[in-house]
1. Examine region B:195-210 for a residue that is touching a residue at least 12 places away in the same chain (Cβ under 8 Å), under 18 Å from A:Leu122 (Cβ atoms), in a loop (DSSP other than H, G, I, E, B) and more than 9 Å from chain A (Cβ to nearest Cβ), and state whether such a residue exists.
2. Looking at (1) more than 30 Å from A:Lys83 (Cβ to Cβ); (2) hydrophobic (A, V, I, L, M, F, W, C); (3) within 14 Å of chain B (Cβ to nearest Cβ), can you tell me which one A:Leu188 breaks?
3. Can you confirm whether region B:190-198 contains a residue that is within 29 Å of B:Cys108 (Cβ to Cβ) and not charged (D, E, K, R)?
4. Select, from B:Arg173, B:Arg134, the only residue that is assigned to a loop (DSSP other than H, G, I, E, B), basic (Lys, Arg), touching a residue at least 12 places away in the same chain (Cβ under 8 Å) and within 14 Å of chain A (Cβ to nearest Cβ).
5. So B:Ala219 passes all but one of these: (1) surrounded by 11 or more Cβ atoms within 10 Å (Cβ to Cβ); (2) of a type outside the set (Phe, Trp, Tyr); (3) not in a loop (DSSP other than H, G, I, E, B). Which condition number does it fail?
6. Residues in region A:33-66 that are aromatic (Phe, Trp, Tyr) and either farther than 11 Å from A:Leu146 by Cα or free of Cβ contacts under 8 Å to residues at least 24 places away in the same chain (or both): how many?
7. Out of region A:159-204, which residues are more than 18 Å from the chain's Cα centre (by Cα) and outside any loop (DSSP other than H, G, I, E, B)?
8. Working carefully through the options A:Gly113, A:Gly118, find the one that is under 30 Å from A:Arg54 (Cβ atoms), over 18 Å from the mean Cα position of the chain (by Cα) and within 14 Å of chain B (Cβ to nearest Cβ).
Amino acid sequence: MAVDEQLKSEMARQGIVVTSLQELYNWGRRSSVWPMNFGLACCAIEMIATTMARWDMARFGAEVFRPSPRQADLLIVSGTVTKKMAPQVVRLYNQMPEPRYVIAMGACAISGGPFKQGYNVLKGIDRYIPVDVHIPGCPPRPEALLQAFIELQKKIDAQPLTGEGRPRFLDVDAQGEFPVPEPGEHDLEPTSNKGVWTVPVVIK
Amino acid sequence: MKTVEEIKAAIEAAVPGAGVEVVHNPGPSGQHSLRLDPSHAVEVAKFLRSDAELAFDFLSNVTGVDWPDREVTEKVRVTRPVTRTVDGVEQTVEETVEETRKHVERGCLEVVFHLFSIEKKHGPLVLRMRTVNRTDQVELPSLTPVWRSAEFQEREIFDLYGVVFKGHPDLRRILMWEGFKDHPMRRDYVEPDDFDYEPTAHDEVLARAKAHQAALQAAAVGHEGTGAD
């Protein structure tokens with residue numbers, strides 16, 4: 001049961017804190033998102049810069065980059081995903097425990113970027129795994145990654161624990177493992193996960 | 001450094017019947033190269049590396065070139081007898097006409113090596129080798145036993161162009177995965193038809209995207225047709 005915002009702030013002024021389990025739970029989740037220590041290309045350098053003193057991602061609770069997918073909540077796909085690397089990225093994502101989130105960082109990760117027409121580059125990692133936040137840029141500035149991270153925190157904050165729109169790990173029927181594409185004779189097979197990605201409609 | 005002609009003479013003196021050819025570069029750089037006969041290439045390479053004066057101890061770069069089959073159209077002047085009626089009298093006259101002839105020049109795969117000498121501080125010397133064709137006779141000798149730095153680059157050429165290097169210690173694909181069938185750097189490579197989402201398509205990509213959409217629509221219509229039956 002959501003508490004009336006006005007009443008809540010009124011009571012806070014009187015020194016009474018009212019919250020709900022959902023709020024508390026999501027506050028805990030969003031305040032300590034552990035990204036995976038994983039970089040693919042030049043965007044990874046910006047990601048590293050974001051974690052260092054000047055931009056300091058630790059301010060948002062994401063200072064602990066885990067070197068293992070088993071301990072990570074957030075996969076930052078930072079860089080060009082080649083077709084040879086794509087199965088490994090999906091596999092890493094599968095190895096992450098729920099709740100897990102994905103930020104596709106930079107032009108390459110969201111669409112293939114300048115290498116989109118190349119024979120070796122995947123046209124966006126969202127073809128295989130669900131992406132929560134896309135950041136354009138080549139590479140995006142650390143501020144952009146921070147903003148994406150704040151957007152992700154807002155998204156986590158808004159997730160209800162029950163009913164429609166609840167996170168995947170609270171949904172028994174939700175898909176937990178994502179099929180890893182196989183390297184085929186000419187391309188990855190399949191070329192996209194139809195359950196995750198449908199061809200976007202271009203409105204001109 | 002010696003000129004390519006001098007190097008050619010030195011090679012031919014050291015390796016009899018080496019069959020070295022000078023390929024002139026008409027550009028301002030004047031960087032001429034030597035085309036080696038594949039059957040003597042390893043011997044020639046060993047000579048270039050170990051000769052005291054040349055001492056090409058460093059192979060900096062190996063790359064591939066794809067020369068596809070090309071149709072050559074040339075105009076030839078042909079003289080042939082023609083029967084004509086001149087002033088009511090039939091005569092056979094020799095006439096010269098211009099004729100357009102076409103023939104297909106068979107393509108090949110070429111590998112280019114750039115050599116330097118660290119010891120003598122000279123270079124580059126450009127070596128070239130050509131395969132017989134682009135389909136079944138694509139073997140060339142590997143120069144990895146002579147210059148170790150050729151190993152990965154020859155693998156890359158094997159991967160992207162499909163040149164098979166005989167004598168290479170570990171000839172596997174290096175950039176694309178095992179089981180990949182194509183050679184993406186060849187001029188006739190056709191990338192897989194994944195043009196389903198091209199929001200900013202133009203030129204060639206736009207044509208491919210349109211073809212993809214048309215194929216999808218045709219498939220959908222065909223599917224409906226069978227469904228109605």
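1. Going through region B:195-210, the residues touching a residue at least 12 places away in the same chain (Cβ under 8 Å) turn out to be B:195-196, B:208-209.
In the following step, the residues that additionally are under 18 Å from A:Leu122 (Cβ atoms) were identified as B:195-196, B:208-209.
Next cut, in a loop (DSSP other than H, G, I, E, B) only: B:195-196.
The next check asks that each one be more than 9 Å from chain A (Cβ to nearest Cβ); those that pass are B:195.
The answer is yes, given that some residue of region B:195-210 is touching a residue at least 12 places away in the same chain (Cβ under 8 Å), under 18 Å from A:Leu122 (Cβ atoms), in a loop (DSSP other than H, G, I, E, B) and more than 9 Å from chain A (Cβ to nearest Cβ).
2. Only one criterion is unmet by A:Leu188, namely (1).
3. The initial filter retains those residues of region B:190-198 that are within 29 Å of B:Cys108 (Cβ to Cβ), namely B:190-193.
Those left that are additionally not charged (D, E, K, R): B:190, B:192.
Yes, region B:190-198 has at least one match.
4. Details: B:Arg134 fails: within 14 Å of chain A (Cβ to nearest Cβ).
Residue meeting the stated conditions: B:Arg173.
5. B:Ala219 satisfies all of (1) surrounded by 11 or more Cβ atoms within 10 Å (Cβ to Cβ); (2) of a type outside the set (Phe, Trp, Tyr); (3) not in a loop (DSSP other than H, G, I, E, B) except (1).
6. So in region A:33-66, the residues aromatic (Phe, Trp, Tyr) come out as A:34, A:38, A:55, A:60, A:65.
Imposing the further condition that a residue be either farther than 11 Å from A:Leu146 by Cα or free of Cβ contacts under 8 Å to residues at least 24 places away in the same chain (or both) reduces the set to A:34, A:38, A:65.
Number satisfying all stated conditions: 3.
7. Selection gives A:Glu182, A:Pro183, A:Leu188, A:Glu189.
8. Values: A:Gly118 fails: under 30 Å from A:Arg54 (Cβ atoms).
Unique residue meeting the criteria: A:Gly113.
Quick note: the coordinates plus some simple rules give every number you see, no bench work behind them. No experiment lies behind these values; they were computed from the predicted model shown. Positions of Cβ are generated from backbone atoms using ideal geometry, with glycine treated the same way; all protein chains shown enter the neighbour counts.
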